[in-house]
Amino acid sequence: MGRLKRGHLIEAAIFVGIVAIFYAYSFEFNQTIEIYIFGATAWPRVVLLLLLLAALGNLYHQYRHGSESQGGILGAAAQQDGESLMADKTALLRMVFVLLTPFVFAFLLRPVGIYFSAPFFIALVMIMFGERRWKAILIMTAIIYVTFIGLFLVVLNAPLPQGNISPFYDFSAWMLKMNTQLRGLW
Amino acid sequence: MLENFLAGTYALFGDPVTIGIFLFGVIGGMLFGAIPGVSMLTLAAILLPFTAGLEPAQGVMLFAVLYCTGTYGGAITAILFNIPGSPENAPTAFDGYPMTQNGQAGKAVGAAVLCSAIGGVASALVMMAATEPLANWAIRNIGPPEIFALVFFGLAVASSVGARTIWKGWMSVLIGLLIATIGQDPVGGINRYNFGLIDLAAGIAFVPAILGFFAVSEIFVQAEKKATGKYNAPAVSMSFPSALELWMHKVAVLRSILVGFFCGILPGIGATLAAFMGYGEAVRWSKNKEEFGKGKLEGVISSETANNAATGAAMIPLLALGLPGGALTAMMVAVFQMHDLQPGPLVFMLSPDLIWIVFAAMFYANLSILIIGVIETKTILNLLKIPFQFLAPLILMLATVGAYSGRGLVLDVMVMFIAGIIGYVLRRSGFSIPGIVLGLILGKIGEQNFAQGMQMVHYDLWTYFSRPICTLLIVAGFLTLGASVYRAFAPAKPSV
């Protein structure tokens, strides 16, 4: 096994899997283009081949040297070490929530809309970043929400997701109506 | 040149809206560059969709100003927190952070202010003189084969930046190239990898991907530091270096200007390579090499002069050839495209006013680093007292609107958060985010020009390589790859 760890094998398996899936899917668009003999598949398949070679080379490097950095790499000092996160189960669980919350927020944008979901999302992010003072959470949520609405709805009049389920859609409609009335005052 | 520069200056300062945008860029770039956890790229990515509502010259100028001031701003986080605002600020942290730990933060920041301004102004002057002749030359000598060769060379060099190993550097670039194949192919318009989703037929939009890989993944990185208790706000002091101290490093400044400018011209990683080369040369020529990395002022001076000297140089491949030199200049390509413009030699003929507003703005932005930088740095030090838990939701909300507003698709918000998660995981595993983004941006350009080039030479590789510039760049690219292959099989040792 050399200096290989389970994480290295998982990493290699993921990349080989990606290459396999993308290669298999490339047959879906394997059509000839009259003006270009290489067609639509040549470029992605060359990229996939190179990615496979690089992934195998990476595995070989990890077999020989583990996770050590190489000399001559510019900017690698900015990379961080993630070992401590895996050791701390509470921190790991918290990070899973941190990673999932924005995704759930994005998923809810279509049915719920941004006007209703934003304050909850803002407060939740603060809590996930370790803020526990309820007064601070409420005040900062209000400030960020008002700033956000003021900038994007009132000033820029940017089209934002409104939701498509009642009562969330009704709330968005009410916000937009208020904005129209506010603009009518100017 | 002087006449054009004055015309650009008049256009810049003759309109209150343009002045406002210029000042916003100066202050915003420095501010976002200097707030830990975000960078000029975060602000640029957030602003990108909104530039559609600006005049083309205002949009491009805003990004050029952000590039200059943000490169300087990133030095502040590198010095104070050991968090380089962008890869080009990484070597600044080598000596800047030890200086902070030694209670000399003010001296390091002061040197960064002055040297960023000197490097940037010198670079802007050379850029003004060199870009237009190069663009005129490019019209006659640069075709699709040369542009493909440049992209190849740029990506070959980019693979050795920011990743933990050469292998991961290559994989990062290839991941970006693979993402770029999603959507219609650039020759026949055939849908590729849309996995049945109609919205993916147009491909992965740059803005959500860039927002995800940079802004959102950075939030996740900071969240991890909070979760593991590694997030520290440092004690800050302000005492700028004396004029004598700076004068003593005049040779280092001059050397870094030269190094920075020549590295900056390379498409792909100009400013990052410049900063490391500037730092490396300072170490190489120093009689006290062992003092570097322990808080030596010359380390900060060399790195910051070189990376700002590269900002003007990076505009040359962008404006003269249409090739971005880094993540921010890649976003500038998107600004051009939003206004139905294509950066490259033709811009000089079709929109000379735009070019000279950008040149003038970059010159004055670098000058303003000196003036506003000193004042704003003190303000930033106070802003740094705002806890990150209050900045994070604001940044995420801005990013959400930025991703959505481009095409009005919730899918783009999802793409952004998925890119954020992927970016975070890949960063933890030692992959290079700038490499992925450059692969993503240069992928389509590379494929399109390769196809056009092959059609031009009727698929005859001999004709392809009989073009001297093309051959030179391809050979240089292969030499770069050869050198990295050699390093890839060399014994592992601590990175630079």
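The values are calculated or read from the model by the stated rules, or taken from the named source; none is laboratory data. Only a predicted model underlies this, so the values are computations on that prediction, with no experimental measurement involved. Backbone-built Cβ (ideal geometry, glycine too); neighbour counts: all protein chains shown.
Tally time: how many residues in segment A:90-113 are touching a residue at least 12 places away in the same chain (Cβ under 8 Å) and more than 7 Å from chain B (Cβ to nearest Cβ)?
Result for segment A:90-113: 6.
Being modelled with pLDDT under 85, part of a helix (DSSP H, G or I), of a type in the set (A, V, I, L, M, F, W, C) and closer than 30 Å to residue A:122 by Cα is the requirement here; does residue A:86 meet it? Steps first, please.
Working: modelled with pLDDT under 85: yes; part of a helix (DSSP H, G or I): yes; of a type in the set (A, V, I, L, M, F, W, C): yes; closer than 30 Å to residue A:122 by Cα: yes.
So residue A:86 fits the description; yes.
What is the number of the single condition among (1) within 26 Å of residue B:217 (Cβ to Cβ); (2) surrounded by fewer than 18 Cβ atoms within 10 Å (Cβ to Cβ) that residue B:461 does not meet?
If we test residue B:461 against (1) within 26 Å of residue B:217 (Cβ to Cβ); (2) surrounded by fewer than 18 Cβ atoms within 10 Å (Cβ to Cβ), just (1) comes out false.
Restricting to segment B:440-481, name every residue that is among the charged types (D, E, K, R) and either part of a helix (DSSP H, G or I) or touching a strand residue (DSSP E or B) at 6+ places or on another chain (Cβ under 7 Å) (or both).
Our first condition is that a residue be among the charged types (D, E, K, R); within segment B:440-481, this holds for B:444, B:447, B:460, B:467.
Within segment B:440-481, B:444, B:447 meet the criteria.
Of everything in segment B:403-425, what is more than 10 Å from chain A (Cβ to nearest Cβ) and buried (at least 23 other Cβ atoms within 10 Å of the Cβ)? Give them in sequence order. Give the steps one after another, and end with the answer.
Pass one, segment B:403-425, residues more than 10 Å from chain A (Cβ to nearest Cβ): B:406-407, B:419, B:422-423.
If the condition is that a residue be more than 10 Å from chain A (Cβ to nearest Cβ) and buried (at least 23 other Cβ atoms within 10 Å of the Cβ), then B:419, B:423 are the ones that fit.
If residue B:469 meets every condition in (1) surrounded by fewer than 16 Cβ atoms within 10 Å (Cβ to Cβ); (2) without any contact (Cβ under 8 Å) to a residue 60 or more places away in the chain apart from one, which number is that one?
Status for residue B:469: all satisfied but (2).
Listed here are the residues, each with its yes/no results for (1) within 10 Å of chain B (Cβ to nearest Cβ); (2) assigned to a helix (DSSP H, G or I); (3) at pLDDT below 85.
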residue: A:11; (1), (2), (3): yes, yes, no
residue: A:20; (1), (2), (3): no, yes, no
residue: A:25; (1), (2), (3): yes, yes, no
residue: A:40; (1), (2), (3): yes, no, no
residue: A:43; (1), (2), (3): yes, yes, no
residue: A:51; (1), (2), (3): yes, yes, no
residue: A:57; (1), (2), (3): yes, yes, no
residue: A:60; (1), (2), (3): yes, yes, no
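Return only the number of the condition from (1) surrounded by 22 or more Cβ atoms within 10 Å (Cβ to Cβ); (2) under 24 Å from residue B:354 (Cα atoms) that residue B:115 does not satisfy.
For residue B:115, the exception is condition (2).
Restricting the search to segment B:176-215, which residues are assigned to a helix (DSSP H, G or I) and facing chain A (nearest Cβ under 7 Å)? Steps first, please.
First pass over segment B:176-215, keeping only residues assigned to a helix (DSSP H, G or I): B:176-180, B:198-202, B:206-215.
Within segment B:176-215, B:177, B:178 meet the criteria.
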